[in-house]
Every structure is written in structure tokens, then in C-alpha cells.
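Remarks on the structure that follows.
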Amino acid sequence: MRRSAWERPWCGSLRAENVGETVELAGWIRRRRDLGGLVFADLRDRTGIVQLVFESEMLAEGERLSPEDVVRIEGTVRPRAEGQTNPDLPTGEIEVRVTAMELLTESETPPFQVEDGTNASEELRLTHRYLDLRRPEMTANLLLRHRLVMEARRYFDEMGFVEVETPILTRSTPEGARDFLVPSRIHRGSWYALPQSPQLFKQLLQVAGIGRYVQIARCFRDEDLRADRQPEFTQIDVEASFIEEEDVFGLIEGLFARIFPLAGIEPPERFPRMTYDEAMERYGSDRPDTRFGLELVELGHLAPGCGFRVLEAAAAEGRVKGIVLPGGAALSRKQLDGLNEVVRPHGAAGVLWMKRTADSVASPARKALGEDGVLRFLDAAGAGEGDLLLIVAGAGKVVHAALGALRLHIARERDLIPEGRHDFLWVTDFPLLEWNEEDGRFYAMHHPFTAPRPGDVVRLETDPGAVRARAYDVVMDGSELGGGSIRIHSAEVQRRMFAALGIGEEEARARFGFLLEAFRYGVPPHGGIALGLDRIVMLMAGRDSIRDVIAFPKTTSGSCLLTGAPADVDPDQLAELGVRPAGKEG
Ligand code: ASP
């Protein structure tokens, strides 16, 4: 019975209606149970498992099997015996009585059990990634990712978008991170950069008249890694001509309506909008998690002359804000002290707490402020009996970052995030430029091709920090899923933008001359967005680590444990490239 391989059923596909059929199956042995005169074995492929039964003349074949052996079998589908069905398994009503078996390859004992919920270390899992990916929960992530990408491609195709590939060996792109560099052999001493994004190419494609571009694009940024960062990652990269913000919002809301249901998440038809300023003021973050309260309250007006030096000093130069934790007066001294550790990494000196109890107040500032003084803060913050007010004072940036982090910390600790709720949101009106204290200069908050709001252009020279950008981020549950902007298409505005960034004409020509040149020959107004595919799949799959949704990820120190990259290369290769090793650090 040799059928075409493409007609062979998958292990996980067999159901009660297949009873009586003769089937050929191929896969891996998950485990074997000997019952004396009867051997059960689970056969696994990427779709699931099915129970095989070896009896009478086939018994000896079944007894040979060990976990992860690869077999091809022929057999008949039959119902499981009374009381043997497994409702948790899609194939749980049936089993396959094996009539012929071919042991294709034998497996050595694997370094960890290929099962969900493994307690194997991530190091071991990454070293033997092919075994890790064989585990159903990991396979499911790859399949979800595939379905998402297929659906996204279908959607963009229907919307008139064209997928165009852009170069991997290119020049430095303007996302502001460190580049990965590749030496050129032919042009000794010259270097390619790997793209941090296809930004400049997707803009050039608009000049080329493509009009609607999309790409599932690999991007490379040589940054220190965190749990949800990888040196190479994938974006759903989008750019279109003759569009405005609203068009981008509608496009992406339409996309999410198609992809999130693949994970049982139904986003609203339209996402709420919030300006950057409002997000910072209310949530202390430009990617606010709006699924719970604990919003920031303004207390700066109470600080001058209040009698507590720390607050007075902070109010003079910065901000004083707080959050109210309902019922938080029950927190112990130790718990309150612990909160300092949450805010200190953000530059805050600590958290000042105030409690309103049944007949009194408590706070380390009580002596300085007096009971009335403490009450003034509690009243202004709306803290009722049994509530806790947590105050942070200092530079505006620090106060927002610290309270933003505190809010998330408390929500997680105290389980304040409603199960199953998902909030989608557009954050708009980002500042165009960001002042860097260390370098004493402005940097583009998004990138240097982001358009300023038309009404703000006049302030590019007079008050650059106040110019708002036509930039937007799409946020889900406190995670940034993507961001983009309407671009500058006027040579004049672009020149002024470069000037605000301290990029002189010569430097602009050297770095981005090809784009500026292209803009001389009829550039359509255009804009776009890029969505972080890895992060979206991670959230849809309900995972905590981006590595779980990437087939072959790097560790947080940027190594691939499977291949051993980055690795030494042959000295001859280096010589050919004209590169001299600097020697290893450490
Ligand atoms: N290129 C930008 C980024 O990678 C996105 C965009 O502006 O479209 O963040």
C-alpha cells in the first residue's frame, strides 16, 4: 500500500469517523507501554499523537521500540476499548492496530524528555533545539506563527500591497541602534551594514511608484539583549503613498481583526487613541497598560511650602506625583520598603508612602507635614480609608518612569490585571525630538524621516523639544506592537530636521544622499509602520519569552547554542578580508 506521501494522514488527524480504514502513518515514538501480550505506543508528528497497538504477530515489533525512534506503520483504525477513551486527546476515541512496521531509524536516549512542561534547562533546550521544537507546545508556536504570516500576507494582498524584498547587505539605516557590520572582500576596507530596518528602501519604493509595500522583513540591531529582544528579529514592514494617519490606523486595525482571532483574541473594531502626553501623565509610560487603574495623580501643587524638604525641593525643579492603592494601608513596613527597589533603577530616590487608617494617618513624613499636611495629600489623591498613597518626587522623566514601573509591579504582585482582557491602543503625537543630556543634543525620537506636525514646523528652530511628530505606536496590554510615522517629503523640512539633529549638509549627503537625491524626482507623500512579528506571536501564544516563538533564537548574550555562533574563523578568511583580529577580551 504505497500511497503518495501527501495523502498519508497526520497522526493527530484520525477520529472516530476513520474507524475501519487502513492507514499508513509515519512519525516518532513518544512512549511505549508493555501490557504483556499487548504493546501500546504513542506515535507523534507535528499535528499530535495517536495510539498504536501491537498484538499477536506484531507484538515483537512493538517490543523493540524506544522513545524517539522513527517508524512507518500500516494499520487499521479501530475504536478504543470500553473505558479506554481519552477525552483530552483529539485522537482519544481511536487507536491504530499495527499490521506492518518499518523501523526507519533508532534514536539514542534523548538528553531530555520530549514532552510539554519539561523541566530541562533552557540551555539544554537551545542546544538540542530540534528536540525542543518536537515538543507539542513549541511546535504549536511555530504553526501559529506560520498561520499568522499567511493570514497577514493574504490580507495585505487583498488591500493591494505588494511584497518586495530589500537588501540585507546594505548601508547603515537610521533606527539609531548599533549596526552589525560585514567586511567587503572585493572592496577591502569597506563595510556593509545589516539593515536595522528596511526604512530607506521602503521609502525609495514609494518614489518608485510601488504605492503599497509590505515585507516580512528581517532586521538586525546590535544591542544588549533582554527577554523580549533578539539581535535579529522580524517585522511586518509596511509603507504606502498618498496616505495619512487615519489610513494607517484603519489598515492595522483591519489586520489585527484578521490575525488575533487565530489565538482566540477579538480586538475591537477601532482602537482608542491617546496622546503621548496623556499616556505619560496618566500612566507614566508611552506604552500604557490600561487594563487596570492605579493612574498617576498630580500632587505638585501641594509641595511648595509643605514643610517636607524632599518634596519642596523636588517641586521646585521637577514633579511630585503619586498613585493610590485601594486597601493598601494593610501593607507591612517590609512590603513598603521593598517598593524602593522597584523605583531606584529608574533614578528615583525612593517612594514616600502615606496611609489613611480608620482614625488617623501614617507616613514617614507625618512629623514634618503634620497630620493635616498628610491629609491634604491623601485628599488631593482621592485616597480613602484603608488606602495607601505612594509618592515619587524628582525630575519629570524620573517620576514618570518610576511610577510607571511601580504601577506595573503592584498590578502584577496583587493580581489586578483582569484575566482574559486585552486592551489595544494607539499612542499618538510623540515628540519629534528627544534631548540627550549626556551628548547635549537632540536625537530623533523615531527616526530622522518622521514628519513634524504641520502646525509645529515653525518651532523646529525656536523650540525643537516642543515639536510633535506625526508618529504613532500601536500598543497592546502595555507592550508596543509596532510604530511608524508619516514621513517628511519636503526637501526643505528634511533639511531643517537634519539641522535640528545637528546633522550638517555634508553629513546628511554622505549618509542619506541617495534618499535625498531620489526625493528630487517626484516623491509622493507617504508613511508607514512596522510591527514586531516576534512579539505579536509571543503575546498571541501567551508566552513570556520571545525565544519561544523563534525557531532558532540566540541567548541573551547573543550566542546560538545549537551552532556555536558567533565562532572563530579561519585566519586566511580574515586576511582575505583585510581584517586583523583585535584579540579576545577577558
Ligand atoms: N522603520 C521603523 C522601525 O523599524 C518603523 C517605521 O517607521 O515604519 O521602527
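Here are some notes:
- Yes/no for PRO90 being under 35 Å from the mean Cα position of the chain (by Cα) and surrounded by 11 or more Cβ atoms within 10 Å (Cβ to Cβ): yes
- Search result, residues across the stretch 47-67 that are in a strand (DSSP E or B) and surrounded by 18 or more Cβ atoms within 10 Å (Cβ to Cβ): GLY48, ILE49, VAL50, GLN51, LEU52, VAL53, PHE54
- Pairs, first among the β-branched types (Val, Ile, Thr) in the stretch 73-93, second in a loop (DSSP other than H, G, I, E, B), C-beta under 6 Å, six or more apart: VAL77/LEU14; VAL77/VAL19; VAL77/GLU21; THR85/GLY92; THR85/GLU93; THR91/LEU14
- The stretch 479-500 residues that are within 15 Å of the ligand (Cβ to nearest atom), paired with ones that are part of a strand (DSSP E or B) and among the hydroxyl-bearing types (Ser, Thr, Tyr) (beta carbon under 6 Å, 6 or more apart): SER485/THR450
- When residues of the stretch 425-462 are limited to those that are aliphatic (A, V, I, L, M) and in contact with a Lys or Arg (Cβ under 6 Å, 6 or more places away or on another chain), the one modelled with the lowest pLDDT: LEU460
- Taking (1) among the basic types (Lys, Arg); (2) out of contact with any helix residue (DSSP H, G or I) (no Cβ under 7 Å at 6 or more places or on another chain); (3) without any contact (Cβ under 8 Å) to a residue 24 or more places away in the chain in turn, ARG270 satisfies each apart from (2).
- Qualifying position, being at pLDDT 95 or above, under 36 Å from the mean Cα position of the chain (by Cα) and not in a loop (DSSP other than H, G, I, E, B), among ARG97, ARG72, ARG44: ARG44
- Just one residue in the set GLY36, GLY20, GLY12 is in a loop (DSSP other than H, G, I, E, B) and more than 17 Å from THR99 (Cα to Cα); that residue is GLY36.
- Wholly enclosed strands (runs of 3 or more DSSP E) of the stretch 154-249 bearing at least 3 residues of a type outside the set (Gly, Ala, Ser) and surrounded by fewer than 17 Cβ atoms within 10 Å (Cβ to Cβ): 181-183
- Filtered residues of the stretch 535-558 (kept if hydroxyl-bearing (Ser, Thr, Tyr) and exposed (fewer than 15 other Cβ atoms within 10 Å of the Cβ)): SER545, THR555, SER557
- Evaluation of THR139 against (1) among the hydroxyl-bearing types (Ser, Thr, Tyr); (2) over 18 Å from LEU533 (Cα atoms); (3) outside any strand (DSSP E or B) (one fails), failing number: (2)
- When residues of the stretch 396-414 are limited to those that are within 11 Å of HIS346 (Cα to Cα) and surrounded by fewer than 21 Cβ atoms within 10 Å (Cβ to Cβ), the one nearest to the chain's Cα centre (by Cα): ALA405
- Screening PRO304, PRO288, PRO326, PRO345 for residues that are surrounded by fewer than 13 Cβ atoms within 10 Å (Cβ to Cβ) and either hydrophobic (A, V, I, L, M, F, W, C) or modelled with pLDDT of 95 or more (or both) leaves exactly one candidate, PRO345.
- Candidate set from the stretch 348-387 (those that are in contact with a Ser or Thr (Cβ under 8 Å, 6 or more places away or on another chain), assigned to a helix (DSSP H, G or I) and not charged (D, E, K, R)); member that is surrounded by the fewest Cβ atoms within 10 Å (Cβ to Cβ): LEU369
- In the stretch 548-574, the residues that are touching a residue at least 60 places away in the same chain (Cβ under 8 Å) and under 11 Å from ARG129 (Cβ atoms) reach residues that are in a helix (DSSP H, G or I) and polar (S, T, N, Q) with C-beta atoms within less than 7 angstrom, at least six apart or across chains, in these pairs: LEU561/THR127; LEU562/THR127.
- Subset of the stretch 469-500 (residues that are closer than 20 Å to TYR521 by Cβ and β-branched (Val, Ile, Thr)): ILE488, VAL493
- Of the criteria (1) outside any loop (DSSP other than H, G, I, E, B); (2) in contact (Cβ under 8 Å) with a residue 40 or more places away in the chain, which one VAL114 fails: (1)
The values are calculated or read from the model by the stated rules, or taken from the named source; none is laboratory data. None of the values given here were measured: they were computed from a predicted structure. Note that we place each Cβ from the backbone using ideal geometry, even for glycine, and neighbour counts take in every protein chain shown.
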